[in-house]
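Colleague: Pasting a structure below so you can have a look.
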């Protein structure tokens with residue numbers, strides 16, 4: 001697809017330096033309503049949190065949503081979801097999540113590319129493409145799992161966290177950005193930086 005190599009070269013160019021321009025630290029609560037994650041939001045974006053009465057155990061409910069709108073009303077939306085599991089339960093394979101997004105955005109084989117990713121204790125897969133969702137739509141999204149060692153440590157009771165919070169911290173995560181193709185092309189580095197700055201607020205210390 002056009003510009004694919006350029007786009008993929010951007011994937012982690014800014015991921016680990018979110019403060020190159022002015023950003024705001026955003027704290028995200030998990031479905032237990034305890035602070036779990038943090039990411040950095042560039043100027044010009046706004047963040048929307050669920051209503052206080054919303055049931056965040058409903059995994060269709062985003063933990064938070066980021067919006068960017070230009071002067072012409074074109075928009076980019078980024079949603080963050082997580083999917084807690086218990087020890088022994090099957091985790092969602094990133095490839096399965098990406099297949100769901102391909103259907104959702106009607107992506108043909110020539111319309112997208114995928115790549116393995118890893119940062120901040122998470123690993124998984126990313127998809128970049130342009131498809132259709134009522135209108136032409138660009139997509140860049142990540143399906144992430146906490147690394148196996150940290151997942152096992154959390155669910156095994158390591159750390160000063162309650163079992164409920166440990167289960168939340170071990171959750172699978174998705175970050176999905178979609179919007180106007182031209183605006184996405186223009187602001188892609190910001191989308192990538194937002195995703196790349198995402199991580200646990202209180203990760204476990206390295207094992208000895």
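Colleague: Do we find that residue 103 is over 18 Å from residue 177 (Cα atoms) and out of contact with any helix residue (DSSP H, G or I) (no Cβ under 7 Å at 6 or more places or on another chain) in this structure?
Modeller: Here the answer is no, as residue 103 does not meet what is asked.
Colleague: Just to check your reading of the model, which residue among 24, 60, 79, 85 is in contact (Cβ under 8 Å) with a residue 60 or more places away in the chain and either loosely packed, with under 14 Cβ neighbours inside 10 Å or part of a strand (DSSP E or B) (or both)?
Modeller: Answer to the check: 79.
Colleague: Please go through (1) touching a residue at least 60 places away in the same chain (Cβ under 8 Å); (2) within 18 Å of residue 177 (Cα to Cα) for residue 91 and return the number of the only condition it doesn't satisfy.
Modeller: Result: residue 91 passes all but (2).
Colleague: With the condition being in contact with a strand residue (DSSP E or B) (Cβ under 8 Å, 6 or more places away or on another chain), over 23 Å from residue 86 (Cβ atoms) and at pLDDT 95 or above, I'd like the helices (runs of 4 or more DSSP H) fully within the range 122-208 carrying at least 1 qualifying residues.
Modeller: 181-196
Colleague: Take the residues in the range 33-57 that are in a loop (DSSP other than H, G, I, E, B) and buried (at least 16 other Cβ atoms within 10 Å of the Cβ), then tell me which one is modelled with the lowest pLDDT.
Modeller: My answer is 56.
The values are calculated or read from the model by the stated rules, or taken from the named source; none is laboratory data. Not measured: the values here are computed from a predicted model. Here Cβ is always computed from backbone atoms with ideal geometry, including for glycine, and neighbour counts include all displayed protein chains.
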